[in-house]
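Enquirer: Take this structure first; my questions come after.
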């Protein structure tokens, strides 16, 4: 393959992109939120039943909870 000598038209400028804002919840988003909460609750209860600890965020710190504390 031969180089033709054509230079790229890229000038080296950076285009600024305005950050997008999160969309407010719609009916579908609310259903998804409920499903995620339900799945999280089920996972936490499963950990408790199996005697496994979980990690949570409390007071700005990472905290390990024993199964008896869940």
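Enquirer: Could you pull out the residue among 23, 61, 7, 66 that is out of contact with any helix residue (DSSP H, G or I) (no Cβ under 8 Å at 6 or more places or on another chain) and modelled with pLDDT under 95?
Expert: 7
Enquirer: Now for a different question. Can you give me the number of residues within the stretch 26-51 that are exposed (fewer than 10 other Cβ atoms within 10 Å of the Cβ) and touching a helix residue (DSSP H, G or I) at 6+ places or on another chain (Cβ under 7 Å)?
Expert: Here the count works out to 1.
The values are calculated or read from the model by the stated rules, or taken from the named source; none is laboratory data. Treat the numbers as computed from the prediction; the structure is a model and nothing was measured. Here the Cβ is made from the backbone with ideal geometry for all residues, glycine too, and neighbour counts use every protein chain on show.
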